[in-house]
């Protein structure tokens with residue numbers, strides 16, 4: 001607990017909850033609380049930024065230890081053990097529920113979903129968004145888990161950079177910047193190449209943005225950083241609120257990166273937020289379970305559709321969205337405590 005940043009945990013919880021309502025609105029057309037989730041969603045980038053920042057924070061100390069041979073391959077395997085087993089379980093569960101729905105009702109619950117053994121295999125190998133079998137990405141069995149596809153590839157690139165930097169003795173920061181810019185290039189130019197396409201570009205750009213941000217915060221003094229932070233925020237608010245002017249036309253970049261960067265700086269460099277959120281019981285659990293929310297909210301929605309089909313429910317309301325969100329959090333928390341943490345404790349021996 002003492003080594004956790006509870007402000008970031010709370011941020012992850014809010015992002016995951018927003019994701020639940022976003023996909024509920026996407027698939028049902030119901031916006032809980034009257035919020036237009038469809039036009040205000042770039043929070044996946046925030047998850048990538050947090051991942052890049054936190055992994056760099058952790059590995060900086062890990063690889064800095066003297067007189068110990070720290071293999072990058074060993075460390076990559078450790079990361080994969082952390083995320084892949086739960087990912088695979090969620091994909092298999094989602095496929096089982098989908099086929100059960102088909103068997104019972106004679107139709108697929110989500111017509112836009114691509115089904116079949118091929119898609120299941122591609123999903124399990126995190127290749128649905130790779131572009132290796134076709135120029136465009138392929139919708140996976142548990143479709144929101146494309147995030148894991150991009151994260152795994154980001155991990156592989158990240159550790160390959162560390163391996164080369166240690167062998168050739170160069171600063172890895174320049175490589176992080178390069179892959180961040182390549183990610184932006186793929187996204188903004190709608191590139192569709194194997195392992196280098198628009199959606200994976202989102203992951204590369206944000207993940208390595210988080211890596212670069214770590215080094216920026218490390219080498220800039222807290223005093224200068226705080227002064228610069230308040231100056232930048234004041235400037236943006238001046239132009240946006242007082243003058244009513246558009247700061248930039250690229251709303252995606254503002255939501256995903258400018259505000260994502262600002263929030264991360266607040267939570268990392270201003271300890272008051274960590275103290276505030278430490279007064280909320282269970283914030284560490286909610287933050288830790290955010291990954292499970294990501295993995296399980298669509299399989300839970302599959303079950304909701306089965307129940308609605310059985311009882312003949314036609315009208316879906318905001319109340320259904322709230323019930324769905326609560327159930328998702330319960331399932332995610334259960335999986336986090338009783339499955340993910342158990343598997344994590346075994347992989348910690350790495």
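Read-outs: derived from the displayed coordinates by stated rules, not from any lab. Computed from a predicted model, the values in this text were never measured in an experiment. A quick note on method: Cβ atoms are made from the backbone with ideal geometry, for glycine too, and the neighbour counts reach across all protein chains shown.
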Between residue 81 and residue 104, take the C-beta separation as r, use R0 = 45 Å, and let me know the FRET efficiency to the nearest 0.05.
0.80
Span per principal axis, largest first, for the Cα atoms of the range 49-193 (Å):
61, 35, 24
Determine, from the Cβ-Cβ distance of residue 308 and residue 219 and an R0 of 51 Å, the FRET efficiency 1/(1 + (r/R0)^6), rounded to the nearest 0.05.
0.40
Measure off 7 Å from each Cα along the Cα-to-Cβ vector at residue 269 and residue 163, then give the distance between these two points in nanometres to one decimal.
3.5 nm
Expressed in nm to one decimal, what extension gain is obtained for the pair residue 192 and residue 71 from 0.36 nm per residue of sequence separation less their Cα-Cα distance?
40.3 nm
If 15, 211 are placed from fewest to most neighbouring beta carbons inside 10 Å, the sequence is 15, 211
Taking a spot 7 Å from the Cα of residue 63 along the direction of its beta carbon, which residues of the range 182-210 have an amide N less than 20 Å from it?
182-183, 204-210
For residue 156 and residue 132 in one chain, what is 0.36 nm times their gap in residues minus the Cα-Cα distance, to one decimal in nm?
7.0 nm
Residue exposure sequence - 305, 252, 219 - by fewest surrounding Cβ within 10 Å:
219, 252, 305
Taking the number of other C-beta atoms within 10 Å as the exposure measure, put 109, 296 in order starting with the fewest.
109, 296
